[in-house]
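Only one structure is covered here, and it is reproduced in the block below.
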Amino acid sequence: MFSKSRVHSGARATPSQVQQEKPKEPELEDFLTKRDYAGAIALLNFKRFSNRNNIKNLEWLAYSYFHFGEQDKAREIYKELLSKDDPDPMYYIYSAACAFYMGLFKEAEELALQGPKCALQTRILFHSSQRQGNDEKLMLFHGQLSDSIEDQLSLASVHFQRSHYQEATDVYKRLLLEHRDYLALNVYVALCYYKLDYYDVSLEILGVYLAAFADSALAMNLKACNHFKMYNGKAAENELKPLAELSQGAHLENDLIRHNLVVFRGGEGALQTLPPLGDMPPEARLNLVIHHLRQGEVSEAYNIVRDMEPSTPPEFILKAVVHALIGQQSSSTDSSGSKTGSVPAALMTGANGAPMQLQDHLKQSQQYYQLVGASASECDTIPGRQCMASCFFLLRQFEDVLVFLQSIKVYFPADDDFNWNFGFAKAATGKFKEAEEALLQVQNEKYRSEFCFLGWLMRSFIMSGHPRQAWELYSRLGSTRETYQLLQIIANDCYKTGAFYYSAKAFDILERLDPAPEFSEGKKGACAGTFQMILAGKEPRDTLREVLVLLQTTANGQVNPQYEMMANVMRKWAKANNVRVQ
């Protein structure tokens, strides 16, 4: 090793030259300037072994632990400092900050109150009151905030946590005008615009910060979230590739990134990733509920939200969705007329264990939707209008449903859920042509196979003058109890609209399945109506041949005198008008 230190001339280095080549001993200030808190911690711990009573060393060590994200270790050092003679009372304030970041909000409040009155104490008490849901104390400490940038950032943060995104945006934008060199403010503004559903604006503002700090994990993650909202999960995941390369895959150790990857991948790995996260990030529990709902696991979703006290719009919306699903489940009717056959007993109890009827679930859902849709912060957002539409849907006020859905239609050009609701609301208000157009845009095969969808689509076909399409749709279905009900829709709706030929065909099948008088009477009337349409030139004469075949078939295989009488009249007319019916 020594030979490598020689100069090229081969002369031996002088002692002074060797001294100059010794590596410089690292300084704490260098680590802190570079925000290399791991290096600072290593240096300070090394110094601690030589002098455990160095107060300044302990203070910087606690500071470094705090900023490195190890608030528990910082708190232990502050406890040690407080145990010494005549400790600095500010240690109580710093210890309170550690407790707050550890989620110990009550303890943070108690520690802060033991320290001296200062701006940092006010901010800690302000945030602790918010996290504990104490609005009275929150307003008290709100009034004590100054115009300093630290206090205003705290105010904006609380606005954001309370879903007052516009108010938070106003504070951040004002600070950004005063301090344009504080580039991180761009990230906060971008995050607010993301929450306000202005994804393109969010990306534009975020670009300012990424131009200066292209390797920012937080900014890249927010950019990915914007792409997810604007495009899809694949596009979002592509935005995280630079982060994966920079961290050499270590980004997967971050809870927020792992959570978002589950969302981007449509719930893949949700049951492995989301339950251990709990409420960090807060969306983790909500996305776990969404995963259960997508899998049709309503019981599991209800078990998660049953004891949840909603405080944000997404929480209210999810509780509303779960209650609506429970309230609409049915398979058999009890003595009160409510459908309860397929609802597990666990779903029939509320948060306090009190029994809940299905109508109670629907009422609870309607109230949650209304709370969100009518709130000042959400009434003009897309989710807010969706909530009001859902509220009126449950109240069966479909004209009001259409008012809200029409206002956001442009944002859902190919969304199956939107087209499902929009089509049903149009059909329920008698706008069958528009209902037909909306329902035909639904592509999800599971949706398209549901009885509710098939029934409304058939009715829309018939009422908008396309009975043949309704019949063709029925013909592609297998024989089930539901197809029996769909036949009744075709038979009755076609009769009402004068499409007697398809009505006759439907009543014929119904009569053979169930020889009830109403079906045979319906068949006679439909056959007579078809004959009348042929006489008026509104049906092809060849149709008469099929009508006669229908009149020859009965449920029990015996000749029906009334059918035979009608058939004789039709044959005579056919013979007189040279219409072949054989």
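The values are calculated or read from the model by the stated rules, or taken from the named source; none is laboratory data. Computed from a prediction, not measured in an experiment: that's the story for all the values here. No Cβ is skipped: glycine too gets one built from the backbone with ideal geometry, and neighbour counts run over all protein chains shown. Areas reflect the complete protein model, heavy atoms only, side chains present, ligands, DNA and RNA absent. Shrake-Rupley method; radii C 1.70, N 1.55, O 1.52, S 1.80 Å.
Note on Lys56 and Lys433: with the Förster distance fixed at 56 Å, the Cβ-Cβ geometry gives a FRET efficiency of about 0.10. From the Kirkwood radius over Cα pairs of region 471-545, Stokes-Einstein at 4 °C and 1.567 mPa s returns a whole-number translational diffusion coefficient of 104 µm²/s.
Over region 90-143, the Kirkwood radius and the radius of gyration, each from Cα atoms, give a ratio Rg/Rh of 0.93. Could you pull out the pairs from Lys426/Lys538; Lys34/Lys73; Lys524/Lys575; Lys106/Lys319; Lys234/Lys426 whose alpha carbons sit more than 26 Å apart here? With Cα atoms farther than 26 Å apart: Lys426/Lys538; Lys106/Lys319; Lys234/Lys426.
The simple spin-label model puts a point 7 Å past each Cα toward its Cβ; for Asn254 and Ala516 those points are separated by 6.3 nm. With a 1.4 Å probe rolled over the protein heavy atoms of all chains, the accessible area of Ile257, Ile489 falls in the order Ile489, Ile257, largest first.
By a straight-distance test (C-alpha under 13 Å), which aspartates and glutamates pair with Lys572 as possible cross-link partners, with residues fewer than eight away in the same chain excluded? Cα-Cα hits under 13 Å: Glu564. For Asp85, the solvent-accessible surface computed with a 1.4 Å probe is close to 150 Å², ligands and nucleic acids excluded.
The percentage of C-alpha pairs in region 510-556 whose separation is greater than 13 Å is 55%. Working note: Karplus 6.51/-1.76/1.60 with θ = phi - 60° gives region 501-518 the couplings 4, 6, 5, 4, 5, 5, 5, 4, 5, 4, 5, 6, 7, 8, x, 7, x, 5 Hz, where Gly and Pro are set to x. Here Lys409 is the anchor, and the aspartates and glutamates within straight C-alpha reach of less than 20 Å, apart from those fewer than 8 places off in the same chain, are Asp197, Asp200, Glu378, Asp380, Glu399, Asp400, Asp417, Glu434, Glu436, Glu437. Three principal axis extents describe the C-alpha atoms of region 217-327; from largest down they are 48, 28, 25 Å. Relative to the longest principal axis of the Cα atoms of the chain, the long axis of helix 561-576 lies at roughly 80 degrees. Between Thr497 and Ser377, residue separation times 0.36 nm minus the direct Cα-Cα distance comes to 38.5 nm.
When Rg and the Kirkwood Rh are both derived from Cα coordinates, the Rg/Rh ratio for region 434-558 amounts to 0.99. Across region 35-52, rounded Karplus estimates of 3J(HN,Hα) from the backbone phi angles (6.51 cos²θ - 1.76 cosθ + 1.60, θ = phi - 60°) give 6, 8, 6, 5, x, 4, 5, 4, 5, 5, 5, 4, 5, 5, 5, 7, 8, 6 Hz, Gly and Pro being marked x.
Using the Stokes-Einstein relation with a Kirkwood hydrodynamic radius computed over Cα pairs, the translational diffusion coefficient of region 74-115 at 10 °C and a viscosity of 1.306 mPa s comes to 161 µm²/s. If you average the alpha carbon positions of region 129-185 and of region 404-464, how far apart do those two centres end up, in angstrom? When both Cα centres are located, 44 Å separates them. When Rg and the Kirkwood radius Rh are both evaluated on Cα atoms of region 111-189, their ratio Rg/Rh stands at 0.99. Between Leu440 and Arg48, the distance separating the two model label sites (each 7 Å from Cα on the Cα→Cβ line) works out to 7.3 nm. In region 500-582 the Cα-Cα distances spread across 10 Å bins starting at 0 as 19, 55, 23, 3 percent of all pairs.
If R0 is taken as 41 Å, the Cβ-Cβ distance between Lys234 and Ala38 corresponds to a FRET efficiency of 0.75. Potential lengthening of the chain between Ser311 and Ala184 amounts to 42.9 nm, from the contour at 0.36 nm per residue minus the alpha-carbon distance. The helix-only estimate of mean residue ellipticity at 222 nm for the chain, built from DSSP H runs of length n ≥ 4 each weighted as -39500 (n - 2.57), is -21000 deg cm²/dmol after division by the residue total. If the Kirkwood radius is taken over C-alpha pairs of the chain, then at 20 °C and 1.002 mPa s the Stokes-Einstein diffusion coefficient equals 71 µm²/s. Rounded to the nearest 20, the Cβ-based charge dipole of the chain about its Cα centre (Lys and Arg +1, Asp and Glu -1) stands at 1840 debye. Using equal-weight Cα scatterers in the Debye expression, the normalised intensity of region 426-492 in log10 at q = 0.17, 0.25 Å⁻¹ is -0.54, -1.17. Using only alpha-carbon positions in region 387-502, the gyration tensor eigenvalues give semi-axes of 25, 15, 13 Å once each is multiplied by 5 and square-rooted (largest first). Per residue, the convex hull around the alpha carbon atoms of region 36-89 comes to 69 Å³. Label zone (Lys117, point 7 Å along Cα-to-C-beta; backbone nitrogen cut-off 12 Å) within region 133-155: 144. Of interest is the spacing of the C-alpha centroids, which for region 508-546 and region 56-117 amounts to 87 Å. Straight-line reach from Lys195: taking Cα to Cα under 16 Å and skipping same-chain neighbours fewer than 8 places apart, the lysines in range are Lys173, Lys223, Lys229.
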